[in-house]
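Working notes, structure below.
The values are calculated or read from the model by the stated rules, or taken from the named source; none is laboratory data. Treat the numbers as computed from the prediction; the structure is a model and nothing was measured. Neighbour counts run over all protein chains shown; Cβ positions are idealised from the backbone, glycine included.
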Amino acid sequence: MPHVDVVDETFIVVPPKVVAAAFADPGAWRRYWPDLELEVYADRGDEGLRWTVGGALVGTMEVWLEPVLDGTVVHYFLRADLPEGRSVKNVRRELTARQLAAKSVALGLKAVLEDGRAPGCAPTSA
């Protein structure tokens, strides 16, 4: 079992292709996950991306974009270990930090991509 196993889901009221575009730019990855070195091993287009992870963690990460109703559920998975030689005594702290970072990325995208849409209102592109 990996030391860090993060699963997160966030609903964003925009089509999957809009969310996919936010993840398409490798420059964005550095902003979202500054201490991780990512290499795409599966580009699934509007369904998301899968990466191998290096740097501060070693493992895999995925963003799966699922069309639901008038938007997208962003499923985020991070399964990784601490690199060799790094102490595991603060694994709980690392896990919590990664969980908070995942939600921060998702809610940041939600705020930008929904562009002020009031709850209960249709997306502006509808």
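Computed values, structure above
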item	result
Given (1) under 28 Å from Asp115 (Cα atoms); (2) in contact (Cβ under 8 Å) with a residue 24 or more places away in the chain; (3) surrounded by 13 or more Cβ atoms within 10 Å (Cβ to Cβ), number of the condition Arg44 does not satisfy	(2)
Output for segment 1-48, where each listed residue is part of a strand (DSSP E or B), of a type in the set (Asp, Glu) and touching a helix residue (DSSP H, G or I) at 6+ places or on another chain (Cβ under 6 Å)	Asp8
Selected residue (only one of Gly27, Gly48 is of a type outside the set (A, V, I, L, M) and at positive phi)	Gly48
Test: residue in segment 83-104 that is in a strand (DSSP E or B) and touching a strand residue (DSSP E or B) at 6+ places or on another chain (Cβ under 9 Å)	no
Residue satisfying all of: in segment 49-74; in contact (Cβ under 8 Å) with a residue 40 or more places away in the chain and not in a strand (DSSP E or B); surrounded by the fewest Cβ atoms within 10 Å (Cβ to Cβ) among these	Asp70
Boolean, Pro26 is within 17 Å of Ala97 (Cα to Cα) and at pLDDT below 95	no
